[in-house]
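The values are calculated or read from the model by the stated rules, or taken from the named source; none is laboratory data. Computed from a prediction, not measured in an experiment: that's the story for all the values here. With ideal geometry, Cβ positions are generated from the backbone for all residues, glycine too; neighbour counts draw on all protein chains shown. Just the protein is used for accessible areas: all its heavy atoms, side chains included, with ligands, DNA and RNA removed. Shrake-Rupley method; radii C 1.70, N 1.55, O 1.52, S 1.80 Å.
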Amino acid sequence: PPDAKDHDDAVHAVPDDDPKNSGGFIVTVAIADVSAYVRPQTPLDDEALKRGNSVYFPDRVVPMLPERLSNDLCSLKPGVDRPALAVRMVLEASGRKRKHTFHRIMMRSAAKLAYAEAQAAFDGNPGAIAAALPANTLSDLWAAYQCADKARDEREPLELDLPERKLVLDAAGKVLSVTIPERLAAHRLIEEFMILANVAAAETLEKAGLAFVYRTHGEPSVEKMRALGEVLASIGQKAAKSAALRPAQFNRILALLKGTEHEAFVNEVVLRTQAQAEYTAENIGHFGLNLPRYAHFTSPIRRYADLIVHRALV
């Protein structure tokens, strides 16, 4: 998470023992039940709505909710019982989600692992915390991700390669350096399971006919596509022309230029070509993720839109 002190989500996976789903997995994503504490029409809720989101700066965060919630009551601390909202997803060996159900639960997290610690365990070098987990806990999680990743590749979302940059400040708040943290497969694992959980939330609420907030991302505008075409022409490339625009068309351009002097520049230009993602009551799908419906469910501690989704699910 953006704030390392936040620990409001947990993931778990086991092989599915259903003989009709050979090679499949049952994946559970649990999110702290913020709605159990932040009730509608209370001063706490009024302030959260006014802020809308937590806001992150290089050296601090302006939180949507008080620290007593974000770093304590809604933190899924190891060995401590915490209320949570969980989605249980059954994945096929192909990674396709077969079904899912939501549950309001009390959970006890087994461990808190940093991304680097999880990655080391996935690579066969577990640290003390990872090694103490029950057998196959992390290997099953990794195997489930391998399945989910197959379905992601088949879906062909937009594949931009834009590393995050971290500002290192001195005591006076002046920039000392800019670093690029290593991008790990452990990051992608969490991202993919969170995306699956967000899709499941949108599907459940849509099917129930309940009002909620979608996270939407429209197609690039004609003007931006024209501008992209001009930029690509200047380096001897052609923009894809099609009546039905798809993320895969951008991916092909990016793949052609991978490893060339233009790679970083074109990734930036393709990003700027995209529309702004929004929260809307009307569903237009999510172009970048190549999904027909999508709703933020996984961070109610720092996004009010997610809290709306939680309340609708409850």
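Scan the range 206-224 residue by residue and report those that are hydrophobic (A, V, I, L, M, F, W, C) and surrounded by fewer than 16 Cβ atoms within 10 Å (Cβ to Cβ).
Selection gives A208, L210, A211, V222.
Residue check: is N21 open to solvent by less than 10 Å² (accessible area, probe 1.4 Å), in contact (Cβ under 8 Å) with a residue 60 or more places away in the chain and of a type outside the set (D, E)?
yes
Within the range 101-131, restricting attention to residues that are under 18 Å from D149 (Cβ atoms) and not aliphatic (A, V, I, L, M), which residue is surrounded by the most Cβ atoms within 10 Å (Cβ to Cβ)?
F122
Might you check whether a residue that is open to solvent by 70 Å² or more (accessible area, probe 1.4 Å) and more than 22 Å from the chain's Cα centre (by Cα) occurs anywhere in the range 266-277?
No, the range 266-277 contains no residue that is open to solvent by 70 Å² or more (accessible area, probe 1.4 Å) and more than 22 Å from the chain's Cα centre (by Cα).
Within the range 2-29, how many residues turn out to be among the charged types (D, E, K, R), outside any strand (DSSP E or B) and modelled with pLDDT under 95? I'd like the intermediate steps shown before the answer.
Going residue by residue through the range 2-29, those that are among the charged types (D, E, K, R) are 3, 5-6, 8-9, 16-18, 20.
Filter once more, so that each one left must be outside any strand (DSSP E or B): 3, 5-6, 8, 16-18, 20.
Narrowing further to those that are modelled with pLDDT under 95: 3, 5-6, 8.
Summing the residues that are among the charged types (D, E, K, R), outside any strand (DSSP E or B) and modelled with pLDDT under 95 in the range 2-29 gives 4.
So that you can scan it fast, the table gives a plain yes or no per residue for (1) over 24 Å from N290 (Cα atoms); (2) aliphatic (A, V, I, L, M); (3) touching an Asp or Glu at 6+ places or on another chain (Cβ under 7 Å); (4) modelled with pLDDT of 95 or more:
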residue	(1), (2), (3), (4)
D140	yes, no, no, yes
D153	no, no, no, yes
D161	no, no, no, no
K166	yes, no, no, no
A197	no, yes, no, yes
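Would you check which residues across the range 278-299 are touching a Lys or Arg at 6+ places or on another chain (Cβ under 7 Å) and either crowded, with 21+ Cβ neighbours inside 10 Å or modelled with pLDDT under 95 (or both) and list them? Talk me through it step by step, then tell me what you get.
Going through the range 278-299, the residues touching a Lys or Arg at 6+ places or on another chain (Cβ under 7 Å) turn out to be 279, 283, 285-286, 290, 294-296.
Within the range 278-299, H286, Y294, A295, H296 qualify.
For L256, which of the numbered conditions (1) in a helix (DSSP H, G or I); (2) within 30 Å of A13 (Cα to Cα) fails to hold?
Exception for L256: condition (2).
If you check every pair at least six apart or on different chains, which have Cβ atoms under 8 Å apart with a residue in the range 217-237 that is more than 18 Å from P247 (Cβ to Cβ) first and a residue that is assigned to a loop (DSSP other than H, G, I, E, B) and open to solvent by 40 Å² or more (accessible area, probe 1.4 Å) second?
I235/H262
Do you know which of the residues in the range 209-232 that are among the charged types (D, E, K, R) and outside any strand (DSSP E or B) is nearest to N198 (Cα to Cα)?
If we take residues in the range 209-232 being among the charged types (D, E, K, R) and outside any strand (DSSP E or B), then E219 is nearest to N198 (Cα to Cα).
Among the residues of the range 70-100, what is the count of those that are closer than 18 Å to S299 by Cβ and open to solvent by 60 Å² or more (accessible area, probe 1.4 Å)?
Going through the range 70-100 one residue at a time, the tally reaches 1.
Please work out which residue is surrounded by the fewest Cβ atoms within 10 Å (Cβ to Cβ), limiting yourself to the range 38-62 and to residues that are assigned to a strand (DSSP E or B) and of a type in the set (A, V, I, L, M, F, W, C).
Per the stated criteria, the residue is V62.
Suppose the filter is open to solvent by 60 Å² or more (accessible area, probe 1.4 Å), at pLDDT below 95 and not hydroxyl-bearing (S, T, Y); does E67 pass it?
yes
Could you list, in sequence order, all residues of the range 300-314 that are open to solvent by 10 Å² or more (accessible area, probe 1.4 Å), of a type outside the set (F, W, Y) and either closer than 11 Å to N198 by Cβ or not in a loop (DSSP other than H, G, I, E, B) (or both)?
Of everything in the range 300-314, those that are open to solvent by 10 Å² or more (accessible area, probe 1.4 Å), of a type outside the set (F, W, Y) and either closer than 11 Å to N198 by Cβ or not in a loop (DSSP other than H, G, I, E, B) (or both) turn out to be R303, A305, I308, R311, A312, L313.
If a residue must be surrounded by 18 or more Cβ atoms within 10 Å (Cβ to Cβ) and touching a Pro at 6+ places or on another chain (Cβ under 8 Å), how many such residues does the range 225-258 contain?
2
Conditions tested, residue by residue: (1) of a type in the set (F, W, Y); (2) free of Cβ contacts under 8 Å to residues at least 40 places away in the same chain; (3) within 19 Å of S54 (Cβ to Cβ); (4) out of contact with any Leu (no Cβ under 9 Å at 6 or more places or on another chain).
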site: R252; (1), (2), (3), (4): no, yes, no, yes
site: L256; (1), (2), (3), (4): no, yes, no, yes
site: N267; (1), (2), (3), (4): no, no, no, no
site: Q274; (1), (2), (3), (4): no, no, no, no
site: A277; (1), (2), (3), (4): no, no, yes, yes
site: I284; (1), (2), (3), (4): no, no, no, yes
site: P292; (1), (2), (3), (4): no, yes, no, yes
site: H296; (1), (2), (3), (4): no, no, yes, yes
site: A305; (1), (2), (3), (4): no, no, yes, yes
